[in-house]
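To start, the structure itself, in structure tokens.
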Amino acid sequence: MRLLSTFLIGVSSGSIYSLMALALVLVWRSTRVVNFAQAGQAIASTYLGYLVITHTNNYWLALPVAMVAGAVIGALADIALIRPLNRRIKSGPVLEIAPVIATLGLLGLIRSLVGMIWGGDLKQYRAPVSINGFTFGHTTIPFSRFNLLIVFTAIVVMVIFAFVFQRTGLGLALRAAAFQPEIARLAGVRVDLVRTIGWAIAGATGAIAGVLVTPSTSLSPNSLDLLLVLGFVSAVIGGLESLIGAVIGGLILGIGLALILEYVSTSLAFPAAFVVLILILIVKPAGLFGMKRGRDA
Amino acid sequence: MTLQVTNLSINHDAIEAVQDLTFSINEGELAAVIGANGAGKTTLLRALSGLKNPKSGSATWRDNSMIGKRPEDLVRMGILHVSDGKTVIPELTVKENLALGGLWRKDKTDVAKATTEVLELFPKLGQRLAQRADTLSGGERQMLAIGRCLVARPELLMLDEPSLGLAPIIIEQIFTALNDLRKRTGLTVLLVEQNAMSALEIADKGIIINLGKLVAQGAARDLINDPTLQAAYLGY
Ligand SMILES: Nc1ncnc2c1ncn2[C@@H]1O[C@H](COP(=O)(O)OP(=O)(O)O)[C@@H](O)[C@H]1O
Ligand SMILES: [Mg+2]
């Protein structure tokens, strides 16, 4: 029972890591940018969700509001920051690093703005359903209705992702622009627009992660920083290129950390994340779902 | 004159890859641009498809400027470019690569019809629809790259060395398919080749360039038979 319950808790937190990892992988695939600002974009979106909850007491209104905010912030980050940099810088070492530094700057900027508006103190809002664990007979496990809801929401998001990416024209354009932007252009894809849409989807996904994780922690201008790190670890475990990899990476990390927290020590969780990462990279340097290459590619 | 290139010069930093190039092609013609490695053929096509900004000069398609436009806008003007290296998207399936070519078009019925026609032109692709493009042979990839453009119903098709690295029998297949197609549809073709003989055989017009400059242009039949050109540029 203890093992099963630990596993379920791992799946629940892993679902949130997966969402964050999906956001990071999407941006990486569409613009080759390691987006540190994702934590900032998500925190700003979550604060707006918090605003809705404090005014309406309606979690189910807060989620879509945060998602729209996340999408808008994501699109703006691409249009105002990444696009001009890519247009101006064509080659050299700066090409790779400038956008990353820019996202770090954006992260700092958003944190300051959020701090100015809402203050640095910890905010709290309640989960929409019970956070008390399920009870079976005389035993109560840590896994709650809210954990179930988190897993369910993550599954819904992932099903939507799978559908959009594999079955729609937008998904095809997103993949083509990510893999081979020049060929995509020559096929008529408006690559700049498609990239911005990628940033927007990533922003919305990060916002969901923020709104889902916050009832279990609390909200402050940098309360999602740890989630960003764990999201990156998940994304790299999954090979950074692969959406399925991001999901599996998040789940592996979630379950692994839950086991360590439960059976080894609570203080080991953070370093353990990196041990998991490094072990996986040593065994499979491209990550679990690193790109396969076919004939002479 | 359907395609008119006038005094076009294109630089790569200090390298003058194309210098003061002037030529034209009529509606429905197949023109072959012949030149050795480094002659500036790829650079020329990249400028005509919006991938590279020229230094000076002009290029028009049916009196609309092709310069300063993005590739995706030129595609919407009916100008399609099969770039060098059998450019398909390896991570996508054959079916997805074809679908990509018609994504921007509103007339989905005609996209389906055009796709069927591509599969009739290149039946091998039809047997590989669900495979990833990187599992294809070089010849099949080239067919897929051309097929992807045909799904867009091009009016001007520009191809960069489609024969490179392919077996003679495959080259023959592809060139015959191209020639049949343009005779059937009135498509205008700008075919860039080092393989002078194969290209000039199906071409109406030949344009010979060397080190970025025009050497000769004229009816393909006349160029094939010109002894000085044969020795210096046509390689036989
Ligand atoms: N991206 C580039 N940067 C610098 N020089 C280039 C680049 N592409 C081509 N060149 C140079 O421009 C000239 C023409 O090249 P290219 O157009 O590729 O010729 P071709 O396709 O006829 O072989 C060559 O001297 C080549 O080295
Ligand atoms: Mg070339």
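The values are calculated or read from the model by the stated rules, or taken from the named source; none is laboratory data. Note that the structure is predicted; figures quoted are calculated from it, not measured. Note: ideal-geometry Cβ built from the backbone for every residue, glycine included; neighbour counts use all protein chains shown. Quick note on the areas: whole protein, heavy atoms, side chains included, nothing else; ligands and nucleic acids left out. Shrake-Rupley method; radii C 1.70, N 1.55, O 1.52, S 1.80 Å.
Some points to look at:
- Residue within the range A:91-98 that is open to solvent by 60 Å² or more (accessible area, probe 1.4 Å), within 22 Å of the chain's Cα centre (by Cα) and under 24 Å from A:Leu230 (Cα atoms) present: yes
- A residue that is charged (D, E, K, R), modelled with pLDDT of 95 or more and more than 21 Å from B:Ser9 (Cα to Cα) cannot be found anywhere in the range B:184-193.
- Residues that are open to solvent by less than 10 Å² (accessible area, probe 1.4 Å) and within 16 Å of ligand 2 (Cβ to nearest atom) within the range B:134-161 comprise B:Gln142, B:Ala145, B:Met158, B:Leu159, B:Asp160, listed in sequence order.
- Residue within the range B:125-132 that is within 10 Å of another protein chain (Cβ to nearest Cβ), closer than 23 Å to B:Thr42 by Cβ, touching a residue at least 12 places away in the same chain (Cβ under 8 Å) and more than 19 Å from the chain's Cα centre (by Cα) present: no
- Residue within the range B:134-145 that is at negative phi, in contact (Cβ under 8 Å) with a residue 12 or more places away in the chain and touching a Pro at 6+ places or on another chain (Cβ under 6 Å) present: yes
- Selected residue (criterion: nearest to ligand 1 (Cβ to nearest atom)) from residues of the range B:80-122 that are out of contact with any helix residue (DSSP H, G or I) (no Cβ under 8 Å at 6 or more places or on another chain) and more than 14 Å from chain A (Cβ to nearest Cβ): B:Glu120
- The range B:8-45, residues that are open to solvent by 20 Å² or more (accessible area, probe 1.4 Å), part of a loop (DSSP other than H, G, I, E, B) and either at positive phi or within 16 Å of ligand 2 (Cβ to nearest atom) (or both): B:Asp13, B:Gly28, B:Ala36, B:Asn37, B:Gly38
- Residue satisfying all of: in the range B:41-65; more than 27 Å from B:Tyr233 (Cα to Cα) and within 18 Å of the chain's Cα centre (by Cα); farthest from ligand 1 (Cβ to nearest atom) among these: B:Arg62
- Positions within the range B:69-87 being at pLDDT 95 or above, open to solvent by 10 Å² or more (accessible area, probe 1.4 Å) and part of a loop (DSSP other than H, G, I, E, B), in sequence order: B:Lys69, B:Arg70, B:Met77
- Residue within the range B:51-59 that is in contact with an Asp or Glu (Cβ under 8 Å, 6 or more places away or on another chain) and either among the small types (Gly, Ala, Ser) or part of a strand (DSSP E or B) (or both) present: yes
- Single match in B:Ile207, B:Ile202 (criterion: within 21 Å of B:Leu80 (Cα to Cα), away from every other protein chain (no Cβ under 14 Å) and within 16 Å of ligand 2 (Cβ to nearest atom)): B:Ile207
- Selection of the range B:162-172 for residues being surrounded by fewer than 23 Cβ atoms within 10 Å (Cβ to Cβ) and either within 16 Å of ligand 2 (Cβ to nearest atom) or assigned to a strand (DSSP E or B) (or both) yields B:Ser163, B:Leu164, B:Gly165, B:Leu166.
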